[in-house]
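**Student:** Starting off with a structure, shown below.
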Amino acid sequence: MCLHQPACPTADSADRDAARLMAHHPEQGWSLLCNGVLVFEDTGELLPDGKIIAPHRPPRTDQVATAA
């Protein structure tokens with residue numbers, strides 16, 4: 001799907017999230033990358049072959065920093 005140079009990472013590569021945005025719908029919670037990957041706001045992904053990547057947000061930290 002990617003037609004620009006340099007080409008974006010493919011949908012099956014580890015850095016697939018580095019591909020350029022083709023469509024962005026924050027009101028619906030998803031974006032389409034030029035490699036065909038649908039990325040959801042919870043960080044889950046749907047690959048073009050139908051494979052699902054579970055959300056992978058960094059672990060939460062319950063510590064809150066406050067200014068002195």
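The values are calculated or read from the model by the stated rules, or taken from the named source; none is laboratory data. Treat the numbers as computed from the prediction; the structure is a model and nothing was measured. Quick reminder, even Gly has a Cβ in these numbers, built from the backbone with ideal geometry, and neighbours come from all protein chains shown. Surface areas here come from the heavy atoms of the whole protein model, side chains and all, with no ligands, DNA or RNA. Shrake-Rupley method; radii C 1.70, N 1.55, O 1.52, S 1.80 Å.
**Student:** Which condition breaks for HIS4 when tested against (1) in contact with a Leu (Cβ under 9 Å, 6 or more places away or on another chain); (2) touching a residue at least 12 places away in the same chain (Cβ under 8 Å)?
**Tutor:** Here HIS4 clears every test but (1).
**Student:** If you don't mind, another one. Please report, ordered by residue number, the strands (runs of 3 or more DSSP E) entirely within the stretch 1-65 with at least 1 residues that are at pLDDT 95 or above, open to solvent by less than 100 Å² (accessible area, probe 1.4 Å) and in contact with a His (Cβ under 8 Å, 6 or more places away or on another chain).
**Tutor:** 30-33
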